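Here is the structure we will look at.
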Amino acid sequence: MVVLGSTGSIGVNTLDIAKTNDIAVEALSCKKNYKLLNEQIEKFKPKFVHIGDKSLKSFVKHDKVFTDDSGILDMLDECKSELVANALVGFAGLAPSLKIQKINKTLALANKESLVVGGKFLDCKAIRAIDSEHFGLNFLLSGQKTPVKSLIITASGGAFYKTPLKELKTATPAMALKHPNWDMGAKITIDSATMTNKLFEILEAFWLYGIKEIDAVVEQTSMIHALVNFIDGSTTAHICNTDMRLAIAHTVLGDVKKEILPSVDLLSLAKIEFKKIDLEKFPIFSLKDKVLKNPNLGVIINASNEIGVEAFLAGKCGFLDISKVVFKSLEKFENLELKEPDELFYYDNLVREFAKNELKLNLKDRNVI
């Protein structure tokens, strides 16, 4: 298999599953963590590697190193593996996802932005989703004959679920990066703190399952990942421990017939409660119905959010400015129509420039995320 984003938390866990199950790793890709990449090269002996930051190429201990955005596409052309796990972060994962399907490889997808931005241009039924919520939904829906009424995914609440709204004005990146349950990268952890992550997962579920009756609720233990309401009045829930290896194992192995995690000890479970998402504190989630009605808006929300998150992590804007710039960008571009994949890249760039101007930024690169 091929692992894109191999040095992130999903990539590391994917390689762990590959090692445990004797799956050869043909190629690895990361953005700039060449030290961990070199450790992975030593351990997995890939034929090809890719590092996004061209200036770091000389530090990579391999004789076949691809660089830049185009390099990752060239590397995929060289690979013979049928399965590619895309765990890249942000919009950078879209072009590889499109490429993976174009060359008839199986896409195991952890890159949310591929579906949020380009779901209409991907063969969504052929995607193996790695997200714990979408793995849970798929697990619950597999083999079901009773019609589905609605889907529900859960949210931990992120770093600021219990923080008063008035205190978010002075929230710092260090505070926002303290996720209560999961160890994730900076970008997705901030998205969790704003609930943008949950908005994205709603749109992902729409593309994956073709259902618009989707909602999210807060479940702070992160033990219940997804629920399905059926037309007959039945509701099923997916419960497992907070460890991404289970979802990854199912996407990588396909047919899992051995223990990946210990079963949940029901007698030791913490009290489980479901609560509504506070739209005053997390205004981005209020866009749920709007984006389900017009999924084209995903490219606007994603581009402006990435600029906002990058600026916040760099100390160049406040936490609440992230959602503000998303709403301003939607006001500017909400009438866009998308007919070709190339338009995604055009509008992504256009929205980014608008968002930078709104935040009065001069961000020259995306190294922060």
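The values are calculated or read from the model by the stated rules, or taken from the named source; none is laboratory data. Here the structure is a predicted model, which means the values were calculated and not measured. All Cβ positions, glycine included, derive from the backbone under ideal geometry; neighbour counts span all protein chains shown. Areas reflect the complete protein model, heavy atoms only, side chains present, ligands, DNA and RNA absent. Shrake-Rupley method; radii C 1.70, N 1.55, O 1.52, S 1.80 Å.
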In whole percent, and with a 1.4 Å probe on the protein chains, what portion of the accessible area of region 1-113 is carbon and sulfur?
49 percent
Which one of 37, 122, 279 has the biggest mean-square fluctuation once the chain is modelled by GNM with Cα springs under 10 Å?
279
Most mobile of 164, 295, 46 per a Gaussian network model of the chain (Cα springs, under 10 Å)?
164
Need one number: convex hull volume per residue for region 169-269, Cα atoms only, in Å³.
164 Å³
I need the shape label for region 47-194. Rule: rounded when a/c is under 1.5, else prolate if a/b > b/c, else oblate, with a, b, c from the alpha carbon gyration tensor.
oblate
Full extension between residue 267 and residue 243 adds, at 0.36 nm per residue less the Cα distance, a length in nm of 6.7 nm
Residues with amide H under 5 Å from that of residue 171, placed H, sequence gap 5 or more
319
Full extension from residue 69 to residue 102: what is 0.36 nm times the residue separation minus their Cα-Cα distance, to one decimal in nm?
10.2 nm
Where the accessible area of region 184-288 is counted over protein heavy atoms with a 1.4 Å probe, how much of it, in %, is carbon and sulfur?
52 percent
Accessible solvent surface per residue of region 222-369, calculated while the other protein chains remain in place, 1.4 angstrom probe, Å²:
52 Å²
Check which residues have an amide H placed less than 5 Å from residue 277's amide H, if you skip close sequence neighbours.
218
The chain, helix-only ellipticity at 222 nm - DSSP H runs n ≥ 4, -39,500 (n - 2.57), divided by all residues, nearest 500
-12500 deg cm²/dmol
Where region 53-162 is the region considered: accessible area per residue in Å², 1.4 Å probe:
44 Å²
Full-stretch length increase - residue 339, residue 174 - with 0.36 nm per residue and alpha-carbon distance subtracted:
55.4 nm
Farthest toward the dipole's positive end in the chain, which of 234, 21, 285, given Cβ charges of +1 (Lys, Arg) and -1 (Asp, Glu) about the Cα centre?
285
Using θ = phi - 60° and the Karplus relation 6.51 cos²θ - 1.76 cosθ + 1.60, list the HN-Hα couplings for region 36-52 in order, rounded to whole Hz, with x at every Gly or Pro.
5, 4, 5, 5, 5, 4, 5, 7, 9, 6, x, 6, 9, 9, 9, 10, x
Three-way shape label, the chain, alpha-carbon gyration tensor, a/c 1.5
rounded
Residue by residue, what Karplus-based ³J(HN,Hα) values in Hz, rounded to whole numbers, does region 235-251 have, using 6.51, -1.76 and 1.60 with θ = phi - 60° and x for Gly and Pro?
9, 10, 10, 9, 10, 7, 5, 7, 8, 5, 4, 5, 4, 5, 4, 5, 6
Most fluctuating residue given options 337, 204, 26, as computed from a GNM of the chain linking Cα atoms under 10 Å
337
Using the Karplus curve 6.51 cos²θ - 1.76 cosθ + 1.60 with θ = phi - 60°, work out ³J(HN,Hα) for each residue of region 108-117 in order, rounded to whole Hz, and write x for Gly and Pro.
9, 10, 10, 7, 4, 5, 4, 7, 4, 8
